[in-house]
Amino acid sequence: MTELNYAGFLACSTVNGPGRRAVIWVQGCPLRCSGCFNQDLWPFAPRNRIRTGDLADRITALPDIEGVTFSGGEPFCQAAALAEVGELVREKGLTVVTFTGFPYRELRLRQRASWNALLHATDLLITGPYRPDLPCSHPLRASANQEIVHLSDLLKGREDESGQAAGTVEYTISPEGVITATGFPDHHDFLCFMNTGGC
Ligand code: SF4
């Protein structure tokens, strides 16, 4: 089993893909999109480490979720580890949504084994860099250049179900009092992870 370096974990969200979903934000992104809302997730610095099997167990033990969403940071920079998590949770009947700043064409053209593995473990992919000059009102696309790609049939027709509309922000308070905000603060920004009390 591989280890994953992640910035944050949320047990249940309704604004990061269809239905109620766990969310994991990985640490590290090389893409540096202008206007990125998650710049504290750019450095490839050690944050929280977890073995992929342990993370899959944590996700599948959660009540009342239908899947997990991988966000960041850049999930394809830890593609091998996330592919392992994705395959393990799908064996238990959960679905996988992955956000990435890489364009879909690049993910396919490079033919990297780890990237192909994560694509294989993903049901719904939201792909492409954030472009603040191309605002978009779709609940899952932060800018109009981003593509929604169904890599299985499981979430087809459900890409509009996330949140009530673009602009929805969800606040979660953990039992330890940590507040997490996630969603699209306005129609121009990417998914936002904010943790006021540590991850
Ligand atoms: S918007 Fe996403 S892909 Fe772009 S720099 Fe921020 S975390 Fe990376």
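Values quoted throughout were computed directly from the atomic coordinates according to the rules given, and no laboratory measurement underlies them. These numbers were taken from a predicted model, which means no experiment stands behind them. Reconstructed Cβ throughout: ideal geometry from the backbone, glycine too, with neighbour counts over all protein chains shown.
Pop out the Kirkwood hydrodynamic radius of the chain from its pairwise C-alpha distances, inverse of mean 1/r, in Å to one decimal.
Every distinct Cα pair counted, the radius reaches 16.4 Å.
Assuming R0 = 25 Å, what is the FRET efficiency of Arg51 and Asp160, from their Cβ-Cβ distance, to the nearest 0.05?
E between Arg51 and Asp160, to the nearest 0.05, is 0.10.
How many percent of the alpha carbon pairs in the range 19-114 exceed a separation of 17 Å?
Every Cα pair in the range 19-114 considered, those over 17 Å come to 52 percent.
Counting pairs of alpha carbon atoms under 8 Å apart in space and at least six apart in sequence, what relative contact order in percent does the chain give? Could the numbers behind the result be given before it?
On the way: 483 pairs, mean separation 42.2, N = 199.
Reported relative contact order: 21 percent.
Can you tell me the order of 13-20, 65-72, 150-157 when each peptide is scored by its average per-residue count of other Cβ atoms within 10 angstrom, highest first?
65-72, 13-20, 150-157
Could you tell me which of Leu109, Phe9, Ala79 has its Cα farthest along the dipole of the chain towards the positive end, charges placed at Cβ (Lys, Arg +1; Asp, Glu -1), taken about the Cα centre?
It is Leu109, whose Cα lies furthest towards the positive end.
For Ala80, project a label point 7 Å along Cα to C-beta. Then give me every residue of the range 1-38 with its amide nitrogen under 15 Å of that point.
1-5
Select from Pro43, Ala142, Ile24 the residue farthest towards the positive end of the dipole of the range 3-195; place +1 on Cβ of Lys and Arg, -1 on Cβ of Asp and Glu, and compute about the Cα centre.
Final value for the positive-end residue is Pro43.
Dipole size in debye (nearest 20) for the chain around its Cα centre, Lys and Arg Cβ +1, Asp and Glu Cβ -1?
Result for the chain is approximately 420 debye, rounded to the nearest 20.
Within a 10 angstrom radius of the beta carbon, how do Arg90, Arg105, Arg131, Arg112 rank from fewest other beta carbons to most? Before the final figure, lay out each step's value.
On the way: Arg90 20, Arg105 11, Arg131 17, Arg112 14.
Least crowded to most crowded, the residues run Arg105, Arg112, Arg131, Arg90.
Once every DSSP H run of n ≥ 4 in the chain is given -39500 (n - 2.57) and the sum is divided by its residues, what mean residue ellipticity at 222 nm do you get, rounded to the nearest 500 deg cm²/dmol?
-5500 deg cm²/dmol
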